[in-house]
1. If a paramagnetic tag sat 7 Å from the Cα of residue 315 along the Cα-Cβ line, which residues of region 52-90 would have the backbone N under 12 Å from that point?
2. What is the spin-label model distance, in nm, from residue 480 to residue 350 if the labels are put 7 Å beyond Cα along the C-beta direction?
3. How many Å³ per residue does the convex hull of the Cα positions in region 30-314 occupy?
4. Tell me, how many Å apart are the Cα centres for region 465-487 and for region 64-89?
5. Rounded to the nearest Å, what's the spacing between the alpha carbon centres of region 230-249 and region 108-178? Just the number, please.
6. Calculate, in nm to one decimal, what residue 230 and residue 164 gain on full extension: separation in residues at 0.36 nm each, minus their alpha carbon distance.
7. What is the distance, in nm, between label points placed 7 Å from the Cα along the Cα-to-Cβ direction at residue 366 and at residue 420?
8. Would you calculate a helix-derived [θ] at 222 nm for the chain, using -39,500 (n - 2.57) for each DSSP H run of n ≥ 4 and dividing by the full residue count, to the nearest 500?
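Please treat every number below as a calculation from the coordinates, not as lab data. Given the structure is predicted, the values throughout are model-derived calculations rather than measurements. Cβ atoms come from the backbone with ideal geometry, glycine included; neighbour counts cover every protein chain shown.
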């Protein structure tokens with residue numbers, strides 16, 4: 001009996017010792033992760049001091065830093081966004097004609113810093129991902145990162161009228177599932193599972209575990225990854241054990257909510273976190289392979305954002321790619337203190353006014369080639385504000401009705417169309433009723449009488465100037481013009497006395513703000529305004545109000 005008591009006491013002491021050891025190890029492990037993240041964040045901000053658009057030294061550093069909670073200077077993100085805007089603008093919104101992961105990577109980074117990928121220098125970077133055939137052209141990477149990008153900000157797929165096949169999330173999910181290999185894994189090519197690609201595929205599918213086919217595929221892939229893990233706790237790809245393979249599998253576990261220390265992923269006492277940290281060199285980032293060969297910065301970026309993911313999930317936060325916690329507009333608009341963080345534009349603009357987004361890039365018309373207003377016409381057509389009369393013709397000299405003008409002004413400000421039963425000559429079933437109703441509700445237009453709008457009447461230059469001035473005020477521009485300014489501004493034109501009293505302040509503002517050109521010697525206030533002139537006016541209005 002005494003021996004049994006001694007044995008029980010020894011077992012109790014042993015249990016207490018082991019429990020104490022486990023607790024200390026866990027704490028030390030978390031401390032080690034925290035220190036590695038902090039030191040690597042410092043290393044990255046110095047090494048990647050001016051992040052560019054690129055798979056190395058660009059988006060992945062931005063994503064990791066933004067999601068880490070590290071006190072990165074605001075200017076770091078501001079400068080990156082400037083680079084993105086310039087890059088997108090120089091390329092005309094076409095980041096690559098084949099590799100659509102270029103769009104996905106930038107979208108994820110912009111989402112991480114609270115920016116809107118649907119309006120970057122006027123281009124909608126989400127739209128290319130709505131082209132199914134082009135997105136999957138480069139293989140499984142295309143649909144994987146398209147899903148990750150779209151889900152990072154819970155973005156809706158916009159319509160892409162140029163796409164042969166309009167994409168949906170379901171199509172991308174099915175495309176990934178269709179590429180699962182017989183062994184349960186995924187690969188860029190061949191019939192043997194690759195841990196990197198398998199891990200990335202699971203990251204994309206993580207948010208769809210409520211679907212039976214996705215869940216089944218995930219279970220098989222997890223089993224495969226467990227079998228592929230080496231005794232060292234890491235993974236080999238193309239015959240070489242490396243950091244990136246370990247990182248992508250660990251990323252998958254985090255996105256799926258699986259404990260990184262799950263017994264299925266612990267081999268010979270080594271788990272994925274242990275293995276990842278074995279590549280770490282304080283102050284020097286992470287190695288690609290144990291012997292130090294290969295790309296150091298790429299390895300460092302992948303290891304960094306993976307550890308950030310581990311830390312986030314362990315702390316009960318959303319995962320790296322689940323950016324529901326990021327406040328939209330949380331970063332200021334770089335280089336432009338006068339903009340509204342939420343959605344662009346001037347500080348005093350109406351909250352319902354939205355920036356103009358390019359929907360149909362690169363289009364033009366045969367009858368505007370060499371036209372003095374060609375640039376503004378193409379800009380308005382690209383945003384579906386003012387369209388052609390056919391695919392090839394714009395009719396720049398054709399006049400415009402009051403109803404047509406109400407419609408394009410409403411579209412140019414991004415105001416949601418809504419009917420308003422105000423004018424008896426605007427029937428509820430007419431195509432322009434919602435636009436007239438919207439324009440009236442925002443005080444952009446008035447009737448020709450108390451209850452008539454005369455929608456089919458041709459609009460004059462001075463009437464257009466009045467509506468544009470009201471749109472400018474709604475957009476946050478200062479439209480106030482002193483009496484002496486009105487006189488001095490209009491007196492330079494030979495026919496200024498022919499202008500209506502009610503239009504003079506708006507005309508003076510339009511000339512002062514360069515919405516109307518001062519190069520002409522006449523105002524021609526009662527002349528019918530042409531489509532090309534309207535295009536020019538709206539172009540300068542949107543430029544002046546920082547909505548373009």
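1. Only 66-71 fall inside the zone, counting backbone N under 12 Å.
2. 2.0 nm
3. 124 Å³
4. Using only Cα atoms, the two centres lie 36 Å from each other.
5. Taking the Cα centre of region 108-178 as reference, the centre of region 230-249 is 29 Å away.
6. Extra length from residue 230 to residue 164 when fully extended: 19.4 nm.
7. Placing both labels 7 Å along Cα→Cβ, they lie 4.2 nm apart.
8. -15000 deg cm²/dmol
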